[in-house]
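Heads up: the structure comes next, in structure tokens.
The values are calculated or read from the model by the stated rules, or taken from the named source; none is laboratory data. Given the structure is predicted, the values throughout are model-derived calculations rather than measurements. For neighbour counting, all protein chains shown are included, and Cβ atoms are generated from backbone atoms with ideal geometry for every residue, glycine included. To get the accessible areas, we keep the full protein, side chains included, count just its heavy atoms, and leave off ligands, DNA and RNA. Shrake-Rupley method; radii C 1.70, N 1.55, O 1.52, S 1.80 Å.
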Amino acid sequence: MRLLSNIAHNLAAVIKILSIDGGGIRGIIPAMLLAEIEKRTKRPIARLFDLIAGTSTGGILALGLSIPKTPPAPLYAASQLLEIYVRDGNRIFSRSLFHRAAACGNLRRAKYPATGIEQVLLEYFGNSRLSDAATDVLITSYEIERSFPFFFRSAIARERSDYDFPAREVARATSAAPTYFEPMKLPTGTFTDHYTLIDGGVFANNPGACALVEARTAQPDATDFMIVSLGTGELTCCLPYEQTKDWGGLRWAMPLLDVVFDGGSRTVDYQLRQLLPGTSADCKRYYRFQTTLDSHNHRLDNTSPENITALRALAFNLVERESANLDQLCQKLTEKD
């Protein structure tokens, strides 16, 4: 296992961090890029990184890349996790006519019942737990009853049984996007209380900065960190003044979530570029792989065949455009391996 505790003796080692943004069905984009990294390095992602952080759909990928359904079975390949979106997207984002009517679209309750996503997560993660992670994992969520960011940490799960949550429940909590799914009610492990958790994207849709802090805290004497940050597409849709000036809470509900998620991701990208500048290819310590969306494929829940095809095309073009950077990155990930 590539655990942070295992490299404490080698302070000269580069601590390698993978961060994956949230973005619903747009998780196709980082999944395909990760599959390309595995293809080029001929190694599973969990063996390449010391810490993997994820939010929402990125959290599901982070867990899937590091936790097999039935430990100690082989880890999922990134290409296998792509099926969560291509094959199971319609099951995750599905609702009956009754639910649609009772929810009044999604004005009176969450747009989708949780049964679909919970069934898919059960099929992928079974009864595996956070402590089964093959490398350190950091997953974001937000506790709404007590109002604080909540982090699922595999390092703590290995030490505390009351913190060792089922992987499928961690995945459900990090992806409980407001207005899309109801919050996750997660037992605390003491049988007398619970956490009420929603999508970590409300404060860290790009968990890269959180991951860097986690790594520095775990290894305070380490001096060299590298972050690979994967986006799920930047928004380009316009919200003009004349259209929005008379909006109230009802009209702002869905667009505001997109603004929060996208704005948060771009802000963290800026921060990490300043913290890990890298003056040459040899000392580059921050890689951000991101593409641009259009008005037709920005939705988190658009599982139409046409959109799936469009997202795969965006990911393919991203891989082609960033091929040189990917080669450089893969070389660094496999140095001294």
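In this view, the solvent-accessible surface of HIS296, computed with a 1.4 Å probe and all protein chains in place, comes to about 150 Å².
Efficiency by 1/(1 + (r/R0)^6): what FRET value for THR179 and THR70, r their Cβ-Cβ distance, R0 = 30 Å, to the nearest 0.05?
Working: r = 34 Å, r/R0 = 1.14.
E(calc), rounded to 0.05, equals 0.30.
Note on the chain: Kirkwood radius taken over Cα pairs, Stokes-Einstein applied at 4 °C and 1.567 mPa s, translational D equal to 64 µm² s⁻¹. Label positions at ASN317 and GLU145, each projected 7 Å from the Cα along the C-beta direction, are separated by 4.6 nm. Using a/c under 1.5 as the rounded threshold, could you call region 214-327 rounded, prolate or oblate? The axes a ≥ b ≥ c are square roots of the C-alpha gyration tensor eigenvalues, and prolate needs a/b larger than b/c, oblate otherwise. Oblate, since a/c reaches 1.5 and b/c is not below a/b. Of the peptides 230-241, 84-95, 132-143, the ranking by mean beta-carbon count within 10 Å, highest at the top, reads 132-143, 84-95, 230-241. Extension gain, LYS284-ARG160: 0.36 nm per intervening residue step, less the Cα-Cα distance, totals 41.0 nm. Principal-axis analysis of the Cα atoms of the chain puts helix 28-41 at an angle of about 20° to the longest axis. The long axis of helix 208-218 is offset from the longest Cα principal axis of the chain by roughly 40 degrees.
Please label the shape of region 119-248 as rounded, prolate or oblate, based on the square roots a ≥ b ≥ c of the eigenvalues of the alpha-carbon gyration tensor (a/c under 1.5 means rounded; beyond that, a/b larger than b/c means prolate, else oblate). It is oblate, given that a/c is not under 1.5 and a/b is not larger than b/c. With a Cα cut-off of under 17 Å and a minimum spacing of 8 residues unless on different chains, the lysine pairs in the chain number 7. Helix 323-333 axis versus longest C-alpha principal axis of the chain: approximately 60°, rounded to the nearest ten.
Helix-derived [θ] at 222 nm for the chain: sum -39500 (n - 2.57) over DSSP H runs of at least 4, divide by residue count, nearest 500?
Numbers: 15 runs with 140 residues, N = 337.
When only DSSP H runs of four or more count, the value is -12000 deg cm²/dmol.
With springs connecting C-alpha atoms under 10 Å apart, model the chain as a Gaussian network and identify which of PRO220, PRO68, PRO183 has the largest mean-square fluctuation. Of PRO220, PRO68, PRO183, the most mobile in the Gaussian network model is PRO220. Shape analysis of region 202-270 based on the Cα gyration tensor places the equivalent ellipsoid semi-axes at 34, 12, 8 Å, largest first.
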